[in-house]
Every structure is written in structure tokens, then in C-alpha cells.
Amino acid sequence: MDEKIRRAKVRPVGGQKRGVVGALVEADALVGRGRPAEAVAILTRALLRRPVGADEEARVRLLRGHALWLAGRVRPGFAEVRRGVALAIQPLTRARGMETLGLLVWKGQELDQACGLLGEALKIYEAERCEAGIVRVLEKEAGVLRDAGRLSDALRLQERRLALASSRPSGPAIALARADRGSLLAALGRWQEARVELEAAASLFREMAEPRLSTRSTVARAVVDLAAGELASARSALERAREHEAHGDPRAYGETLLVTSDLHLAAGEPRASEASAAEALGLFAAARDRGGECRSRVHRVHALLALGRLEEAVGEGRRAVRSAPASRSDLLALSHIALGRALLRRRPSEARAAFDRALEYAAGRLVFEHAARLGRALCEGAGRDHPDVRGALAGLEAWGDRRVLAGCLAEVRERLGVALVAEGSSALVSPPEWRGASIMVDAAVALAGPGDWPARWAGAVTALRPAMPWWRAALVEPRGWLVTSETQPQPLPPADPAREAIQGVASARILDLAVVAPIDAGRTLYLGRREGQPGFSEGELALASELARLIAAHASEDADEFQETPGFPGLVGSCPAMRDLLRSVASVAPSEAPVHLHGETGTGKERIAEALHRQSGRRGAFVAVNASSLSDELFESEMCGHVKGAFTGAVADRVGHLGEAEGGTLFLDEVTDLTPRAQGKLLRLIQEKEYRRVGESRSRRADVRFVTAANVTLEERAAAGALRTDLMYRLNRIVLTLPPLRERGEDIALLARHALKTEAARSGMPAPALPADVVRALEAHSWPGNVRELENEIGRILLRAGRGAVRREHLSAALRGAPSTAATPLKHAVFAFEREHIAHALACHGGNRARTACSLGLTRQALVAKINRLGISAAPPR
């Protein structure tokens with residue numbers, strides 16, 4: 001026992017065994033929350049209590065060593081973990097020791113040794129059927145394989161990990177698995193798939209109300225945003241990540257700083273970029289993380305070059321090369337490219353040698369090959385039309401990471417003095433090895449060109465053949481198209497093997513002699529080879545996925561496209577009740593008479609009011625006001641406006657809602673919630689069409705069309721004494737009733753598909769299909785919240801499904817009709833019930849928190865606290 005343990009103070013405990021076990025539980029929770037120093041203190045005291053048996057002491061030492069390592073005390077952490085492994089007796093304790101030691105060795109860049117240790121741990125966990133341990137080891141093994149450059153193998157392990165995690169009731173495990181899979185997809189250049197996985201992970205973290213756990217996915221999402229050039233989104237994500245990592249694992253915070261450095265550089269802030277990289281370098285150096293140190297130095301090189309500090313950049317580039325671990329070919333390639341960039345402007349011959357070394361270490365990674373070949377061509381004085389220059393830029397553009405492309409374009413401008421852009425069109429004559437980099441432009445040109453859809457689609461898939469030869473290609477959809485290497489496009493037969501091959505495939509995948517890539521709802525791309533030909537590779541799968549993304553932007557002749565109701569943009573409805581309603585809207589719209597809309601909450605009263613305004617031909621604005629927010633004191637000021645100095649606080653003139661709607665339509669929602677005094681003022685406004693601003697002596701004429709709405713009938717409110725009878729007769733001259741969603745039949749499926757397409761487009765992903773069993777469940781639900789509730793449900797479905805196919809289990813429990821299970825922990829059941837119940841109440845009250853709180857018997861402050869704790873997104877009132 002070391003000196004620090006002997007000096008530690010011992011807390012009195014109510015039992016030796018119980019105290020040590022409690023310390024393990026508490027310390028493990030602290031480690032999970034990013035507070036390793038506190039965990040070390042607790043475990044140090046636990047060791048002084050003399051644990052019962054060697055195995056219990058081993059568990060304490062293993063966790064203490066891990067916490068020491070997380071706190072940046074690398075050598076003491078290693079030593080403590082090794083002592084724990086030597087003491088372990090029970091199989092699971094020994095497996096945990098192998099796992100922890102494998103993690104530390106992996107981060108020390110001893111990849112082969114890490115693989116051996118993690119393999120031993122995995123065998124024990126599998127023999128003991130410990131699924132939690134298997135999931136943890138698969139996470140670490142995938143990380144080791146990724147560092148070793150075996151990205152496809154790492155992806156397979158991540159998919160196995162995700163499958164295992166999904167079979168267990170552990171939300172954090174699933175979310176972390178999806179986050180890591182998304183990060184790996186980004187490393188493979190499959191940006192769109194990465195975005196979908198990371199969004200799904202973020203959604204799961206929000207549901208669990210565990211913002212700190214989401215840091216990994218947040219940083220990975222920032223990388224994807226930077227690759228797409230979305231700087232504002234990346235900046236927001238990194239601010240959240242820094243908030244939760246500043247006092248946690250120094251390596252994790254270092255990763256956040258490196259992406260922050262990229263962000264500053266992309267935003268034209270090289271000084272801030274260099275400062276972030278320097279801070280990250282200090283963290284990684286203190287943690288003895290050579291890989292992080294190397295990458296920090298590479299980031300500093302790029303920032304120093306942007307600042308014009310060339311000699312410092314050269315020195316830092318040489319240090320980056322020296323710090324790159326021998327086991328990491330990716331870091332060796334990356335550091336040599338950075339050194340080559342630094343040497344290029346002063347010492348081209350030395351730069352050429354650096355780029356040659358980078359090519360040796362690239363090991364098939366296209367992004368490194370493109371950058372190194374471009375650098376070597378520039379060293380040789382190649383001009384703007386040189387095939388290597390144009391081919392490399394086309395390859396980097398096809399890769400899709402704008403950060404890398406921007407840096408390479410900067411070198412081209414510096415050396416050649418031209419603002420060359422990457423081109424990959426068919427007019428570009430590139431060496432055979434560069435065709436795979438430019439085919440996406442060829443495919444885009446074919447899809448956007450003249451001719452019918454089959455010819456354009458065939459031209460796009462034909463563009464793939466130089467890079468990934470295929471024998472037959474199929475666009476699988478209700479009608480479908482087929483083209484082979486010898487034939488022109490023709491209709492896809494109903495019994496074609498491609499239709500069978502795509503069954504159950506939710507994401508891009510390599511089959512035996514085929515690759516399939518979903519395009520959007522109801523459409524899938526299929527590419528196949530003959531017997532005897534080699535199978536497809538991960539790189540070819542990425543190309544097929546990218547082509548599917550391009551095709552998604554183009555509608556097929558028989559695509560199930562959403563058609564808005566003619567004459568009513570934004571409205572969906574084909575059932576008899578909706579057709580009758582829209583005919584009534586068209587007939588009463590030209591009139592100047594007030595119109596009252598009656599319908600349940602969420603039926604779309606504001607959208608119908610907008611349709612009335614558009615059909616009326618009035619040139620003024622459409623102004624929507626929630627009448628329940630107009631108190632007696634505010635009614636005249638809000639509705640009519642006021643002049644400066646009319647009352648305390650009137651520091652400027654205010655036009656008022658009537659002035660804003662001049663020449664247009666004023667929509668008053670929930671009009672029956674007005675107080676009796678306000679009702680009298682509204683009655684006079686509707687009758688006289690005259691008003692005065694508060695503090696003004698002259699009357700004004702209101703050229704305004706009044707449209708009102710309520711979710712209860714005017715007659716009911718008048719009978720209850722809550723609505724003036726004279727106002728009721730003024731409002732009920734023309735009453736239009738909106739049908740509830742449960743009575744709209746086939747419109748439910750139309751609205752669901754439209755909402756799914758809208759939500760998917762907002763998330764930047766193709767819309768998946770809605771299976772028949774899901775549609776049946778939607779149509780069977782009563783929808784008390786009507787269209788608003790349906791839209792919220794579709795949003796949840798898309799988040800749960802991610803990139804995969806929509807399945808019945810993605811529906812809420814109320815729609816699935818799934819009975820609750822007694823095995824669910826009580827606190828989880830209470831959490832789920834509260835979340836669902838409050839969300840439903842908010843939907844019923846149009847997002848109005850005051851009315852929702854009243855209906856639930858809560859104060860508004862208590863409701864807001866629950867909304868924040870439960871992670872509920874309240875829809876705004878309509």
C-alpha cells in the first residue's frame with residue numbers, strides 16, 4: 001500500500017463489507033459523471049478498510065487505477081490496474097481487469113497488445129454470458145481496429161455491439177453505440193449515414209436527460225457539420241460539449257478542443273485555432289496520449305500556416321512526425337502531410353519526400369492519398385490542368401470533407417495563383433485511378449440532364465462502372481427499372497431477384513454479390529455482379545450510398561410524391577369531410593363577413609384561417625392572435641395600439657394587431673376565453689369597424705376581416721354564461737366546422753407520409769416508407785390531439801428509427817397497444833408515464849403551459865421544471 005493510501009483519513013462506516021461495496025458503487029458513479037478525482041479519494045479510503053478477500057481488493061484497485069488514469073495520472077493508474085489484475089480471482093473480476101488494462105494499453109498506442117488483452121476479456125465475458133461486459137469490450141475492440149486502420153472490421157464490431165445493446169433495457173448503452181457507429185461512418189466518408197446515427201443518439205440522450213453522456217456524439221456531430229460547411233451548427237454543438245467536458249476526462253476535452261480548432265480555422269480565426277490546438281496539446285501531453293499529441297501538433301501546423309508563421313509550422317510539423325506512434329499509420333500519414341504543407345513554400349524537395357512518405361502510410365485511405373498526391377504534384381511544379389492536381393481535388397470533393405478540401409485549395413492558390421475549384425465532370429480526363437473520385441459529378445449531370453427518367457437514371461448508374469464494375473443495376477420501387485452492362489433500361493419484372501434482395505434491408509449493405517442502398521421512401525438502389533466476380537468493398541458501398549443520395553433528389557415517374565390540395569397550398573385532405581370544408585372555404589372567402597372556425601385542439605384551425613385569407617384576395621397581412629392571452633388591461637393596447645406616453649411604460653408608439661392586419665385578416669384563436677369586458681370591446685370592433693389607439697383622440701377605420709376560432713361551440717359557452725349572447729350571434733353568422741382526425745379515414749395515412757417527408761427533409765435524410773402495419777396502427781388511434789399529435793408522433797418515429805426502416809415497435813406505447821411489463825423498474829415506468837401524460841396534455845392545450853398546468857393541478861413553475869427534467873418539447877400554440 002503506497003504512502004498516499006497510508007496518509008488517507010478513514011471514515012467511520014457501519015460495516016466493513018458493506019462499506020467497500022458502497023464505495024465501489026459510489027466511485028463507479030463518479031467516474032461515469034466525469035469526476036475521477038473524487039472517485040480516487042473514495043477508493044483510497046476503501047483500501048484502508050482492508051477489503052474482505054483478494055478479489056474484492058482487486059475490484060477496488062482496478063477501479064482506482066482507471067480513475068487515476070482518467071484524472072491524468074497515467075503511471076500510477078497503470079501500476080494500480082496491474083496490481084488489481086494480479087489479485088483477481090473470480091472470472092468476471094479478471095475479465096474486468098483485462099478490459100481495463102486493454103483500454104490503457106490501447107490509449108498508449110500498443111495496439112497488438114491491446115487486442116490480445118481485450119480478446120481474453122471477451123472470451124471470459126462470453127463464457128460467463130455477461131452481455132454488459134461483451135458490449136463494453138466490443139466498444140474498445142472497435143476503437144483499436146479503427147486506430148489500426150481496419151475500418152470495415154471496426155464497423156462490423158460496432159454493429160454487433162449495437163445489436164447486443166438494443167437487446168438489453170439500457171438506454172445509455174444504445175445511445176453510446178449509435179454515437180460511436182456514427183463517428184466511424186464519418187471516418188469512412190459516409191457522411192449522411194453518420195449524421196442520421198448521431199442525430200438518433202442525440203435524441204436518445206435527450207430522452208434520458210443525460211447531457212454529459214452525449215458529449216461523444218455531440219463532438220462527432222460537430223465533425224460532420226464541419227465537413228458539410230455548417231459552421232453555426234458545429235459551433236453550437238461544441239459549446240454544449242465544452243460545458244460538459246471542462247472538468248471531466250482530459251482526453252475527451254482535448255478531442256473537443258481539436259474540433260474547436262478546426263472550427264476556428266474554417267471560420268477564418270487562425271489565432272483562436274492555434275490557441276485551441278495548443279491547449280489540447282497540453283492536455284494530451286499531460287495524459288501521455290501520443291496519438292492526441294500528434295494530432296494537436298498537426299492542427300497547430302495548419303493554424304500557423306494560416307498565420308504566416310512558416311518556420312514555426314515546419315518545426316511543429318517535424319515534432320508531429322516524431323510523436324506519431326509507429327502503430328498508427330493514419331497518424332504517420334497525417335503528420336507527414338502536415339509537414340509537407342509546411343515545407344512546400346520554402347523547400348519543395350524536402351516537401352516531396354514528406355508527401356512520398358505520406359503515400360506509403362496512406363494504406364488505401366483515399367483522403368490521405370488525394371492530399372499527398374496533390375502535394376507531390378505541386379512540389380513538381382504541376383500546373384492547374386495537370387491530371388494529378390485536378391484529379392486529387394475531384395477526389396477530395398467526392399470524399400465530402402470541406403475542411404480538407406479547403407486546405408488543399410489554399411495550397412493550390414498559394415502555388416499557382418488561381419482560384420481552382422474541384423471538377424469531376426466527364427470533360428475531365430483523369431487517370432484510371434481517379435475515376436472513382438469524379439463519378440459523382442458525372443452521375444449528377446446525368447440525373448439533371450434531358451431525356452426521360454429511365455435514361456437519366458441509367459446514365460447515373462453507368463457513371464459508376466469505371467470505379468465499381470457491375471453487371472446489373474436496378475431501381476427497386478413499385479414499377480422499377482433494370483439496366484445491365486449489355487442492355488438499355490427496361491421495366492423491372494415483379495419477380496426480379498433484386499426485389500427479394502432488398503427485403504428487410506434498412507441501410508446500405510453489402511450482400512453476397514450485390515450492394516443495396518436505400519434511396520428514400522419506397523425506393524432502393526441495387527447493384528449486382530456475376531458469379532465468379534469479386535464481391536463489393538466498403539469503398540464501393542460508400543460510392544453506392546452517395547449515388548443513392550443523389551437519386552433521392554430526383555423524383556421517379558411513379559414515385560409516391562406528396563400532392564397538396566389544389567388551390568390550398570400546405571393543406572392535405574381528400575376525405576369527403578375535408579373536401580366539403582375546402583369547398584365552403586372557397587365559397588365564403590370573398591365575403592367580408594366574419595367567419596368562425598370550430599374544431600377540436602390540433603385540427604388545423606389556423607391553417608384554414610390562412611387559407612381563407614389567401615382565397616379572399618385581401619392584400620394586407622394575416623395576423624394570428626391567441627385571444628386567451630389578452631387580459632382586460634392589455635386588450636385595448638394590444639388590439640388597438642397606443643401612442644408614446646399614453647401610460648407608464650409606453651415609451652414608443654405601438655401599431656396594435658388591428659393596424660398590423662390593415663387590409664388583411666385578423667385571426668383570433670380561442671376567442672371564447674376572452675373576459676366579459678374584452679368580449680364587449682370585441683363586439684364593438686366587429687360591428688363598428690372603428691377604434692382608437694390608447695392616448696389618441698381621433699378614431700380610425702379598420703379595414704380588417706375578422707376570423708375567430710374555438711375548440712368548443714359558441715352555443716355551449718353562451719349557455720354556460722361564459723360568452724355574451726350578442727357576441728355569439730355576431731360570430732356565428734358563418735361557422736365552419738373542422739373534422740377531427742379520427743373521422744378523416746385515409747387522410748391519416750396521407751398526413752403521416754407528408755409529416756414523415758417534412759421531418760426527414762428537415763433532418764437532411766431520405767424519408768423511409770411507412771409499413772402497412774404502422775399505417776393500420778395510426779388509423780386505429782383516436783388522436784385526441786388531432787393533426788398536431790400525429791405530427792409529434794411521426795417526429796418520434798423518425799428519431800427512433802434513425803436511418804433504419806420504420807417498424808411497429810417505433811410507435812408510442814399508446815399506439816402499439818403494448819402492455820406494460822412488470823420487469824420495468826418503477827422509476828422508469830413513472831418517468832415514462834409522466835413524460836407521455838404531460839406531453840399529451842400540452843398537445844391538447846395547444847402548447848399553452850398555463851392552461852396545461854391548471855388541468856394537471858400544478859403551478860406553472862412546477863410544470864416548467866417537469867418539462868425540463870423530462871426533456872419534453874412542447875409544441876407552440878396554433
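One table, with the values for the structure above:
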quantity	calculated
Condition broken by LEU658, with the remaining ones in (1) open to solvent by 40 Å² or more (accessible area, probe 1.4 Å); (2) farther than 25 Å from THR601 by Cβ satisfied	(1)
Members of the range 342-370 found to be open to solvent by 40 Å² or more (accessible area, probe 1.4 Å) and under 15 Å from LEU305 (Cα atoms), listed by number	ARG345, ARG346, ARG347
Selected residue (criterion: farthest from GLY143 (Cα to Cα)) from residues of the range 182-204 that are of a type outside the set (A, V, I, L, M, F, W, C) and under 13 Å from the mean Cα position of the chain (by Cα)	SER203
Only one of ARG692, ARG698, ARG724 that is in contact with a Cys (Cβ under 8 Å, 6 or more places away or on another chain), farther than 20 Å from PHE622 by Cα and of a type outside the set (S, T, N, Q)	ARG692
Residue in the range 504-524 that is within 26 Å of the chain's Cα centre (by Cα) and exposed (fewer than 14 other Cβ atoms within 10 Å of the Cβ) present	yes
Some residue of the range 352-370 being at pLDDT 80 or above, touching a Leu at 6+ places or on another chain (Cβ under 7 Å) and of a type outside the set (D, E, K, R)	yes
Test: residue in the range 223-232 that is modelled with pLDDT of 70 or more, open to solvent by 30 Å² or more (accessible area, probe 1.4 Å), among the charged types (D, E, K, R) and assigned to a helix (DSSP H, G or I)	no
Helices (runs of 4 or more DSSP H) wholly inside the range 568-642 containing at least 2 residues that are at pLDDT 85 or above and open to solvent by 40 Å² or more (accessible area, probe 1.4 Å)	576-588, 605-616
The range 469-483 residues that are at pLDDT below 85, paired with ones that are of a type outside the set (Gly, Ala, Ser) and surrounded by 22 or more Cβ atoms within 10 Å (Cβ to Cβ) (beta carbon under 6 Å, 6 or more apart)	GLU477/ARG523
Selection count, the range 84-111, where residues are more than 35 Å from the chain's Cα centre (by Cα) and closer than 18 Å to ILE42 by Cβ	1
Condition met for GLY641 (in contact with a Gly (Cβ under 8 Å, 6 or more places away or on another chain) and farther than 28 Å from ALA722 by Cβ)	no
Filter result (within 15 Å of the chain's Cα centre (by Cα), surrounded by fewer than 18 Cβ atoms within 10 Å (Cβ to Cβ) and farther than 15 Å from GLU193 by Cβ) within the range 754-769	ALA761, ARG762
Number of the exception - TRP69 against (1) of a type outside the set (Ser, Thr, Tyr); (2) in contact with a helix residue (DSSP H, G or I) (Cβ under 6 Å, 6 or more places away or on another chain); (3) under 21 Å from ARG136 (Cβ atoms); (4) surrounded by fewer than 24 Cβ atoms within 10 Å (Cβ to Cβ)	(4)
Residue within the range 125-135 that is on the phi < 0 side of the Ramachandran plot and under 25 Å from the mean Cα position of the chain (by Cα) present	yes
Single residue of LEU87, LEU68, LEU62 found to be in contact with a Ser or Thr (Cβ under 6 Å, 6 or more places away or on another chain) and at pLDDT 85 or above	LEU62
Check on ALA58, within 23 Å of GLY254 (Cβ to Cβ), out of contact with any Cys (no Cβ under 8 Å at 6 or more places or on another chain) and either among the hydrophobic types (A, V, I, L, M, F, W, C) or open to solvent by less than 30 Å² (accessible area, probe 1.4 Å) (or both)	no
Meets criteria (touching a Lys or Arg at 6+ places or on another chain (Cβ under 7 Å) and among the hydrophobic types (A, V, I, L, M, F, W, C)) for ALA179	yes
Hits in the range 301-318 - residues which are open to solvent by 40 Å² or more (accessible area, probe 1.4 Å) and touching a residue at least 24 places away in the same chain (Cβ under 8 Å)	HIS302, ALA306, LEU307
Selection status of ALA41, over 18 Å from LEU103 (Cβ atoms), open to solvent by less than 80 Å² (accessible area, probe 1.4 Å) and either modelled with pLDDT under 85 or of a type in the set (Gly, Ala, Ser) (or both)	yes
Helices (runs of 4 or more DSSP H) lying entirely in the range 653-756 (those with 1 or more residues that are charged (D, E, K, R) and closer than 30 Å to VAL572 by Cα)	656-660, 714-719
Scope the range 756-787; condition under 27 Å from VAL712 (Cα atoms) and touching a residue at least 40 places away in the same chain (Cβ under 8 Å); matching residues	SER782, TRP783, PRO784, GLY785, ASN786, VAL787
The range 491-538 - residue that is touching a residue at least 40 places away in the same chain (Cβ under 8 Å) and of a type in the set (Asp, Glu) and, of those, nearest to HIS754 (Cα to Cα)	ASP520
Candidate set from the range 101-117 (those that are open to solvent by less than 20 Å² (accessible area, probe 1.4 Å) and of a type in the set (Gly, Ala, Ser)); member that is nearest to ARG136 (Cα to Cα)	GLY102
Residue count, the range 465-520 (criterion: farther than 23 Å from ALA542 by Cβ and hydroxyl-bearing (Ser, Thr, Tyr))	2
Selected residue [more than 29 Å from the chain's Cα centre (by Cα), open to solvent by 30 Å² or more (accessible area, probe 1.4 Å) and under 30 Å from ARG178 (Cβ atoms)] from ARG530, ARG499	ARG499
Selection status of ARG178, open to solvent by 40 Å² or more (accessible area, probe 1.4 Å), of a type in the set (D, E, K, R), closer than 20 Å to ALA252 by Cα and modelled with pLDDT under 85	no
Residues (at pLDDT below 70 and open to solvent by 30 Å² or more (accessible area, probe 1.4 Å)) located in the range 540-558	ALA553, HIS554, ALA555, GLU557, ASP558
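The values are calculated or read from the model by the stated rules, or taken from the named source; none is laboratory data. All figures in this text were calculated on a predicted structure; none of them were measured in a lab. Virtual Cβ from ideal backbone geometry, glycine too; neighbours counted across all protein chains shown. Each accessible area value is taken on the protein alone, full model and side chains, heavy atoms only, with ligands, DNA and RNA left out. Shrake-Rupley method; radii C 1.70, N 1.55, O 1.52, S 1.80 Å.
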